Amino acid sequence: MDFYNIGYKEPMSQYGVYLIKDGWNDFGYYTLYNMYFVDESLNNHHIGLIKIGMFTGDNITRISDTFENLNESLYFSLGQDRDYYENLNKLGSKVRNDILDALKDIAKNLNLFEKVRALDVTQKSLLRGIKVFTVKDQFHRIAKGGVPLTPYQFSYRHFYNQNDSVVFEFEVEPDSMPPTNIHALIGSNGVGKTTIINEMIQSLVSSSTFGKQSNNFFNLDTQDSTTLFANTIFVSFSAFDNTPHFRSIVDEEKGVLYSYIGLKDSEIIDNENKDEIHEKYISKTPETLISEFIQSINDITNNKKLDNWKESISKLETDHLFKSLGLTNFDLKPVDELKQIFNKLSSGHKIILLTLTKLIEKVDEKSLVILDEPESHLHPPLLSAFIRALSDILISQNGVAIIATHSPVILQELPRSCVSIMNRNNTHSEVVRPKVETFGENVGTLTREVFGLEVTYSGFYRILEDLVEEGKGYDEIIKLFNGQLGIEARTTLRSILYYKE
């Protein structure tokens, strides 16, 4: 097969692969090309972005105007996203293999990858914005003709004490309808949802507890916990968040292993004893949140993820404010304009925009995203849109999310198999699935059937129950409220009266 190194807007008129040089500067390296394939019927196929490095360490990659194979002693290459390898798969296995082999692709040839991974050009340019895990797992799988997504099952065991533990089971099935990559934990206040969320994080960021009687994730097939997730991202905008993990955890080889998205931060306190480190937890200022947003937008732009960001933001445009901002038409706006856009948003809109932006930046192949009560700052329609946008982000990267929630609006977006109800008394704990199907179910039904215990002892239910205890009947209570009872309240009132009789 012939390869052609051409300039922008030069014709692509015969069978072969066309590489168009991009002048993108990766910390002094110029390795980026845009690839097209012209088939035997002269149909043009856009394949995607590829970076070509050189063993010689040259800052500017130089290739011949035409060639059949790159010299393996001089060159190596890497596609820059999953779409690149998926588009090659669409051409058929022979064409895909011919192209990848000719370009000395390091995702397909992992032996070559190990030879070049430590080179400066690889670290600074070819792997910029791409994890080693992604190359060796996702890119390699697709480059060999595999499907982009794979099903996986895992569990989490939580010990309340030596005699009491519960197991949460999670299953992600690619291309399922409804999607199964978001799971919810629900339960009454005091059952320990936030504690379990924090201990889930602790089990993933620390290896010191593995193998003991401790809280751990496990692959249900292998009972292994070491390779489940590439990284963990915790999202919480609670002012009362008490997680001890506000700082990112980075491994030189594996990249960012843990990230926090939220309102809190920590600072090191000066201490005379240099052997001890003390931290003080503080709240981020509005200026800090704006800076995080700007920095994240820059990272997304630099890593060629802007189209992904626009696609996620478009899911929020059912909200009239987001639609009026015109963010999907965004194109490298000045920093001052970005700040103005962010500043004029309500707190809820700021939180959802920052969260989705940071998730686009940070979610990778097999990321685990943990969220603690995202409904606290979002009204129901925006919350539903956020859950759908989150699901799409996770599907694109074969990731999964676990959400601790009290919201029936979130349950509406999830199938019953993805909802875990936590029940606990003084001596016994259990995790069960809802009795009703939750996806697309009426909020009132979910409130009654899933959150029934909480509703029974709170809100309008308590008012109605007190009136029934006073001996009042249905018509009398309706009259007392001047007819101002909704359908759910009327249904509840009839149920209370029925069971009292």
- strands (runs of 3 or more DSSP E) contained in region 350-427 and holding at least 3 residues buried (at least 23 other Cβ atoms within 10 Å of the Cβ) and in the same structural domain as I300 (by TED's automatic domain parsing): 367-372, 400-404
- Check whether at least one residue in region 389-404 is in contact with a Gly (Cβ under 9 Å, 6 or more places away or on another chain) and under 20 Å from D299 (Cα atoms), and report yes or no. yes
- Query: Pairs under 7 Å by beta carbon, first residue in contact (Cβ under 8 Å) with a residue 24 or more places away in the chain in region 139-159, partner surrounded by fewer than 18 Cβ atoms within 10 Å (Cβ to Cβ) and of a type in the set (D, E, K, R), six or more apart or different chains?
  - Reply: I142/E86; P148/E86; Q153/E171; Q153/D221; S155/E169
- Message: Quick check on region 152-162. Is at least one of its residues touching a strand residue (DSSP E or B) at 6+ places or on another chain (Cβ under 9 Å), more than 21 Å from S420 (Cβ to Cβ) and not β-branched (V, I, T)?
- Response: no
- Query: So R96 fits all but one of (1) more than 29 Å from Y15 (Cα to Cα); (2) of a type in the set (K, R); (3) touching a helix residue (DSSP H, G or I) at 6+ places or on another chain (Cβ under 8 Å); what number is the exception?
  - Reply: (1)
- Note on the structure: Of the residues in region 17-26, those that are under 16 Å from I63 (Cα atoms) and surrounded by 12 or more Cβ atoms within 10 Å (Cβ to Cβ) number 6
- Of the conditions (1) closer than 27 Å to L359 by Cβ; (2) in contact with a helix residue (DSSP H, G or I) (Cβ under 9 Å, 6 or more places away or on another chain), I395 fails just one. Which one is it? (2)
- Odd one out for W24, checked against (1) at pLDDT below 95; (2) in contact with a Ser or Thr (Cβ under 6 Å, 6 or more places away or on another chain); (3) not charged (D, E, K, R): (2)
- When residues of region 74-112 are limited to those that are farther than 21 Å from F3 by Cβ and modelled with pLDDT of 95 or more, the one surrounded by the most Cβ atoms within 10 Å (Cβ to Cβ): L110
- Message: Out of the residues in region 237-269 meeting the condition of being under 19 Å from S291 (Cβ atoms) and surrounded by fewer than 16 Cβ atoms within 10 Å (Cβ to Cβ), tell me which one is modelled with the highest pLDDT.
- Response: S248
- Residues of region 320-345 satisfying the condition of being in a loop (DSSP other than H, G, I, E, B), on the phi < 0 side of the Ramachandran plot and at pLDDT below 90: F330, D331, K333, P334, K344
- Please indicate, with yes or no, whether at least one residue in region 92-104 is among the polar types (S, T, N, Q) and more than 29 Å from the chain's Cα centre (by Cα). yes
- Message: Can you find a residue that is out of contact with any Pro (no Cβ under 7 Å at 6 or more places or on another chain) and modelled with pLDDT of 90 or more anywhere in region 449-467?
- Response: yes
- Message: Any residue that is over 27 Å from N189 (Cβ atoms), without any contact (Cβ under 8 Å) to a residue 60 or more places away in the chain and basic (K, R) - is there at least one of those in region 353-367?
- Response: no
- Message: Please determine whether any residue of region 119-130 is within 26 Å of I370 (Cα to Cα), of a type in the set (D, E) and touching a residue at least 60 places away in the same chain (Cβ under 8 Å).
- Response: no
- From the list K51, K108, K94, which residue is without any contact (Cβ under 8 Å) to a residue 12 or more places away in the chain and of a type in the set (K, R)? K94
- Query: Among the residues of region 1-21 satisfying the criterion of being under 19 Å from N69 (Cβ atoms) and β-branched (V, I, T), which is modelled with the highest pLDDT?
  - Reply: V17
- Restricting region 352-395 to residues that are at pLDDT 90 or above and of a type in the set (S, T, N, Q), the one nearest to P174 (Cα to Cα) turns out to be S391
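The values are calculated or read from the model by the stated rules, or taken from the named source; none is laboratory data. The structure presented is a predicted model; accordingly, all values stated were derived computationally and were not measured. All Cβ positions, glycine included, derive from the backbone under ideal geometry; neighbour counts span all protein chains shown.
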